[in-house]
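The values are calculated or read from the model by the stated rules, or taken from the named source; none is laboratory data. Note that this is a predicted model, so its numbers are computed, not measured. Note that each Cβ is placed from the backbone with ideal geometry, even for glycine, and that neighbours are counted across all protein chains shown. Heavy atoms of the whole protein, side chains included, go into the accessibility calculation; ligands, DNA and RNA do not. Shrake-Rupley method; radii C 1.70, N 1.55, O 1.52, S 1.80 Å.
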Amino acid sequence: MQGIICYYSGSGNTKLACRYLASRIDAVSFEFADITKGKPADFGVYDIVGFATFTDAFGLPHLFQSFLEDLPIQGGKPAFVFNTYGSFSGRTLSTLAALATAKNFTVVAGHSLHTPESFPPMNILGVGSHAPSKQGLKAFNRFIEHLADLLRELQKGQPISHDRVHIGFLNSLLPSFPRTTSRFLMGDKSVDETRCTECGVCTRVCPYAAIALDPKPVFDEARCYGCWACYNHCPEQAIHTTKLKSGGYYPHPNAQLREKLRS
(Lines give C-alpha, C1' and ligand atoms only; values in the text may rest on other atoms or scores of the structure.)
Protein backbone atom coordinates (compact mmCIF):
# COMPACT_ATOMS: atom_id res chain seq x y z
CA MET A 1 0.00 0.00 0.00
CA GLN A 2 1.09 3.54 -0.74
CA GLY A 3 0.51 6.57 1.47
CA ILE A 4 1.48 10.22 1.59
CA ILE A 5 1.77 12.64 4.50
CA CYS A 6 1.34 16.31 3.63
CA TYR A 7 3.02 18.32 6.35
CA TYR A 8 4.00 21.82 7.39
CA SER A 9 6.88 21.99 9.87
CA GLY A 10 8.54 25.28 10.73
CA SER A 11 10.97 23.96 13.35
CA GLY A 12 11.15 20.31 12.32
CA ASN A 13 9.06 18.95 15.21
CA THR A 14 6.14 18.01 12.98
CA LYS A 15 8.38 16.54 10.28
CA LEU A 16 10.12 14.40 12.89
CA ALA A 17 6.77 13.15 14.20
CA CYS A 18 5.67 12.29 10.64
CA ARG A 19 8.76 10.18 10.03
CA TYR A 20 8.39 8.46 13.40
CA LEU A 21 4.78 7.58 12.62
CA ALA A 22 5.65 6.26 9.16
CA SER A 23 8.49 4.11 10.52
CA ARG A 24 6.07 2.28 12.83
CA ILE A 25 3.46 1.35 10.23
CA ASP A 26 4.59 -1.62 8.17
CA ALA A 27 1.48 -1.95 6.01
CA VAL A 28 2.11 1.31 4.14
CA SER A 29 5.07 2.83 2.32
CA PHE A 30 4.76 6.56 3.00
CA GLU A 31 5.98 9.49 0.95
CA PHE A 32 6.33 12.94 2.50
CA ALA A 33 5.16 16.19 0.93
CA ASP A 34 6.32 19.50 2.43
CA ILE A 35 3.42 21.82 1.55
CA THR A 36 5.73 24.85 1.42
CA LYS A 37 7.13 23.33 -1.77
CA GLY A 38 3.76 22.90 -3.50
CA LYS A 39 0.95 20.35 -3.40
CA PRO A 40 0.82 16.77 -4.74
CA ALA A 41 -0.58 16.60 -8.24
CA ASP A 42 -2.75 13.54 -7.69
CA PHE A 43 -3.95 11.83 -4.51
CA GLY A 44 -5.46 9.04 -6.60
CA VAL A 45 -2.27 6.96 -6.51
CA TYR A 46 -2.32 6.74 -2.70
CA ASP A 47 -4.36 4.45 -0.45
CA ILE A 48 -4.17 6.79 2.56
CA VAL A 49 -3.42 10.50 2.97
CA GLY A 50 -2.11 12.14 6.15
CA PHE A 51 -2.31 15.84 7.02
CA ALA A 52 0.05 17.15 9.71
CA THR A 53 0.92 20.62 10.96
CA PHE A 54 1.88 22.59 14.04
CA THR A 55 -0.53 24.75 16.01
CA ASP A 56 -0.49 28.51 15.44
CA ALA A 57 -2.47 30.78 17.79
CA PHE A 58 -4.64 27.83 18.92
CA GLY A 59 -5.48 26.94 15.32
CA LEU A 60 -4.15 26.15 11.87
CA PRO A 61 -1.30 28.13 10.33
CA HIS A 62 -2.59 30.29 7.49
CA LEU A 63 -0.46 28.38 4.99
CA PHE A 64 -1.91 24.99 5.89
CA GLN A 65 -5.49 26.23 5.91
CA SER A 66 -5.01 27.70 2.44
CA PHE A 67 -3.44 24.43 1.27
CA LEU A 68 -6.47 22.41 2.40
CA GLU A 69 -8.99 24.89 1.04
CA ASP A 70 -7.32 24.76 -2.39
CA LEU A 71 -7.46 20.97 -2.69
CA PRO A 72 -9.93 19.43 -5.14
CA ILE A 73 -12.94 17.47 -3.89
CA GLN A 74 -12.03 13.84 -3.26
CA GLY A 75 -14.05 10.65 -3.56
CA GLY A 76 -13.99 9.45 0.03
CA LYS A 77 -10.23 8.85 0.14
CA PRO A 78 -9.19 7.63 3.66
CA ALA A 79 -7.20 10.24 5.56
CA PHE A 80 -5.80 10.87 9.03
CA VAL A 81 -4.90 14.13 10.73
CA PHE A 82 -2.51 15.09 13.49
CA ASN A 83 -0.86 18.18 14.86
CA THR A 84 1.97 19.14 17.15
CA TYR A 85 1.70 21.92 19.72
CA GLY A 86 3.90 23.61 22.27
CA SER A 87 1.47 25.01 24.84
CA PHE A 88 -2.16 24.38 23.84
CA SER A 89 -3.48 22.52 20.82
CA GLY A 90 -6.72 24.51 20.72
CA ARG A 91 -8.99 23.67 17.81
CA THR A 92 -6.20 22.72 15.41
CA LEU A 93 -7.13 19.05 15.17
CA SER A 94 -10.89 19.55 14.81
CA THR A 95 -10.33 22.23 12.16
CA LEU A 96 -7.99 19.89 10.27
CA ALA A 97 -10.61 17.15 10.35
CA ALA A 98 -13.42 19.49 9.32
CA LEU A 99 -11.51 20.92 6.34
CA ALA A 100 -10.44 17.45 5.18
CA THR A 101 -14.01 16.19 5.53
CA ALA A 102 -15.28 19.18 3.55
CA LYS A 103 -13.02 18.00 0.70
CA ASN A 104 -14.69 14.58 0.94
CA PHE A 105 -11.80 12.75 2.58
CA THR A 106 -12.91 10.04 5.00
CA VAL A 107 -11.07 11.02 8.19
CA VAL A 108 -10.42 7.77 10.05
CA ALA A 109 -8.18 8.96 12.93
CA GLY A 110 -6.64 12.03 14.52
CA HIS A 111 -4.22 12.95 17.27
CA SER A 112 -2.48 15.96 18.89
CA LEU A 113 1.12 15.54 20.09
CA HIS A 114 2.69 17.81 22.69
CA THR A 115 6.22 18.75 21.56
CA PRO A 116 8.77 21.32 22.75
CA GLU A 117 7.72 24.94 22.25
CA SER A 118 9.14 26.53 19.10
CA PHE A 119 7.52 29.94 19.68
CA PRO A 120 10.56 31.99 20.81
CA PRO A 121 8.80 34.21 23.42
CA MET A 122 7.61 31.02 25.18
CA ASN A 123 10.70 28.93 24.41
CA ILE A 124 12.87 31.50 26.16
CA LEU A 125 10.97 30.56 29.33
CA GLY A 126 11.69 26.86 28.84
CA VAL A 127 8.02 26.00 28.35
CA GLY A 128 7.50 22.36 27.37
CA SER A 129 11.18 21.75 26.64
CA HIS A 130 10.89 18.10 27.73
CA ALA A 131 7.64 17.29 25.91
CA PRO A 132 6.18 14.86 25.18
CA SER A 133 5.82 13.26 28.58
CA LYS A 134 5.94 9.47 28.94
CA GLN A 135 2.15 9.45 28.95
CA GLY A 136 2.04 11.71 25.90
CA LEU A 137 4.42 9.47 23.97
CA LYS A 138 2.43 6.39 24.95
CA ALA A 139 -0.76 8.07 23.71
CA PHE A 140 0.93 8.90 20.40
CA ASN A 141 2.07 5.30 20.04
CA ARG A 142 -1.46 4.07 20.77
CA PHE A 143 -2.75 6.36 18.03
CA ILE A 144 -0.17 4.95 15.61
CA GLU A 145 -1.09 1.38 16.56
CA HIS A 146 -4.77 2.15 16.04
CA LEU A 147 -4.02 3.69 12.65
CA ALA A 148 -1.88 0.67 11.70
CA ASP A 149 -4.78 -1.65 12.60
CA LEU A 150 -7.13 0.37 10.40
CA LEU A 151 -4.71 0.23 7.50
CA ARG A 152 -4.32 -3.53 7.82
CA GLU A 153 -8.11 -3.77 7.53
CA LEU A 154 -7.98 -1.55 4.45
CA GLN A 155 -5.25 -3.76 3.00
CA LYS A 156 -7.55 -6.76 3.37
CA GLY A 157 -10.25 -4.95 1.43
CA GLN A 158 -12.36 -4.13 4.46
CA PRO A 159 -13.94 -0.66 4.51
CA ILE A 160 -12.91 1.76 7.25
CA SER A 161 -15.36 4.41 8.33
CA HIS A 162 -15.18 8.05 9.37
CA ASP A 163 -14.15 8.62 12.97
CA ARG A 164 -15.11 11.66 15.00
CA VAL A 165 -12.00 13.56 16.10
CA HIS A 166 -12.03 14.62 19.77
CA ILE A 167 -10.07 17.63 21.05
CA GLY A 168 -11.02 17.71 24.73
CA PHE A 169 -13.13 20.17 26.72
CA LEU A 170 -10.39 22.73 27.49
CA ASN A 171 -9.21 22.95 23.89
CA SER A 172 -12.79 23.37 22.71
CA LEU A 173 -13.08 26.49 24.92
CA LEU A 174 -10.04 28.21 23.46
CA PRO A 175 -10.89 30.85 20.85
CA SER A 176 -9.80 30.65 17.23
CA PHE A 177 -7.69 33.73 16.62
CA PRO A 178 -7.34 35.31 13.19
CA ARG A 179 -4.12 34.31 11.48
CA THR A 180 -2.85 37.90 11.72
CA THR A 181 -2.59 37.37 15.50
CA SER A 182 0.74 35.58 15.00
CA ARG A 183 2.11 38.52 13.01
CA PHE A 184 1.07 40.89 15.81
CA LEU A 185 2.69 38.66 18.46
CA MET A 186 5.92 38.66 16.47
CA GLY A 187 6.04 42.37 15.75
CA ASP A 188 7.95 44.07 12.95
CA LYS A 189 11.37 42.70 12.06
CA SER A 190 14.76 44.34 11.60
CA VAL A 191 18.30 43.21 10.84
CA ASP A 192 21.51 43.73 12.76
CA GLU A 193 23.64 44.64 9.75
CA THR A 194 26.86 44.05 11.71
CA ARG A 195 25.90 40.39 12.02
CA CYS A 196 24.09 39.72 8.74
CA THR A 197 26.24 37.98 6.12
CA GLU A 198 23.60 38.21 3.36
CA CYS A 199 23.51 34.39 3.21
CA GLY A 200 19.87 34.29 2.12
CA VAL A 201 18.76 31.61 4.60
CA CYS A 202 15.89 33.80 5.77
CA THR A 203 14.55 34.17 2.23
CA ARG A 204 14.72 30.43 1.63
CA VAL A 205 12.94 29.39 4.84
CA CYS A 206 10.16 32.01 4.64
CA PRO A 207 7.05 30.11 3.47
CA TYR A 208 5.17 33.31 2.62
CA ALA A 209 7.79 34.83 0.30
CA ALA A 210 7.86 37.86 2.57
CA ILE A 211 11.63 38.46 2.54
CA ALA A 212 13.95 39.66 -0.22
CA LEU A 213 17.69 40.46 -0.20
CA ASP A 214 18.67 44.01 -1.20
CA PRO A 215 21.46 43.18 -0.31
CA LYS A 216 20.38 42.80 3.34
CA PRO A 217 16.98 41.23 4.13
CA VAL A 218 13.97 43.44 3.44
CA PHE A 219 10.73 42.35 5.14
CA ASP A 220 7.30 42.71 3.57
CA GLU A 221 5.25 42.86 6.78
CA ALA A 222 1.97 42.75 4.82
CA ARG A 223 2.85 39.25 3.57
CA CYS A 224 4.24 38.00 6.89
CA TYR A 225 2.17 35.69 9.10
CA GLY A 226 4.54 35.61 12.07
CA CYS A 227 5.83 32.04 11.77
CA TRP A 228 9.27 32.99 13.21
CA ALA A 229 11.11 30.82 10.64
CA CYS A 230 13.47 33.64 9.65
CA TYR A 231 14.23 34.46 13.29
CA ASN A 232 14.75 30.81 14.32
CA HIS A 233 16.87 29.80 11.34
CA CYS A 234 19.17 32.81 10.88
CA PRO A 235 22.64 31.27 11.42
CA GLU A 236 24.02 34.59 12.71
CA GLN A 237 20.99 35.40 14.92
CA ALA A 238 20.89 38.75 13.14
CA ILE A 239 17.09 39.12 12.91
CA HIS A 240 15.31 40.99 15.68
CA THR A 241 11.66 41.87 16.24
CA THR A 242 9.98 44.67 18.12
CA LYS A 243 8.71 42.04 20.58
CA LEU A 244 11.94 40.05 21.05
CA LYS A 245 15.48 41.11 20.23
CA SER A 246 17.20 37.77 20.86
CA GLY A 247 16.91 34.41 22.60
CA GLY A 248 14.40 31.59 22.49
CA TYR A 249 15.74 30.21 19.21
CA TYR A 250 14.39 26.83 18.08
CA PRO A 251 15.75 26.03 14.59
CA HIS A 252 15.37 22.24 14.85
CA PRO A 253 14.02 19.56 17.23
CA ASN A 254 15.92 19.45 20.51
CA ALA A 255 18.01 16.44 21.49
CA GLN A 256 15.51 14.84 23.85
CA LEU A 257 12.72 14.98 21.25
CA ARG A 258 14.99 13.46 18.62
CA GLU A 259 15.76 10.63 21.06
CA LYS A 260 12.09 10.00 21.88
CA LEU A 261 11.03 10.06 18.22
CA ARG A 262 13.98 8.15 16.85
CA SER A 263 12.77 6.14 13.83
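Below is a table of values for the structure above.
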| item | result |
| --- | --- |
| Fraction of accessible area attributable to carbon and sulfur, the range 115-222 (%, probe 1.4 Å) | 56 |
| Accessible surface of the range 34-103 [probe 1.4 Å, protein heavy atoms]: carbon and sulfur percent | 52 |
| Mean separation of Cα contacts under 8 Å (6+ apart) over length of the range 62-119, as relative contact order % | 44 |
| Folded to 0 to 90 degrees: helix 13-23 orientation relative to the chain principal axis, Cα | 30 |
| Crossing angle, helix 134-155 versus the chain [Cα axis fit, 0-90 degrees, rounded to tens] | 50 |
| The chain, accessible area per residue, ligands and nucleic acids excluded (1.4 Å, Å²) | 47 |
| Those Cys residues of the chain for which no other cysteine Cβ falls under 4.7 Å | Cys6, Cys18, Cys196, Cys199, Cys206, Cys224, Cys227, Cys234 |
| Only Lys, Arg (+1) and Asp, Glu (-1) charged, at Cβ; the chain dipole about Cα centre in debye | 520 |
| Computed accessible area, Asp47, all protein chains, 1.4 angstrom probe, square angstrom | 60 |
| Sorted peptide list for 219-229, 73-83, criterion being average Cβ within 10 angstrom, highest first | 73-83, 219-229 |
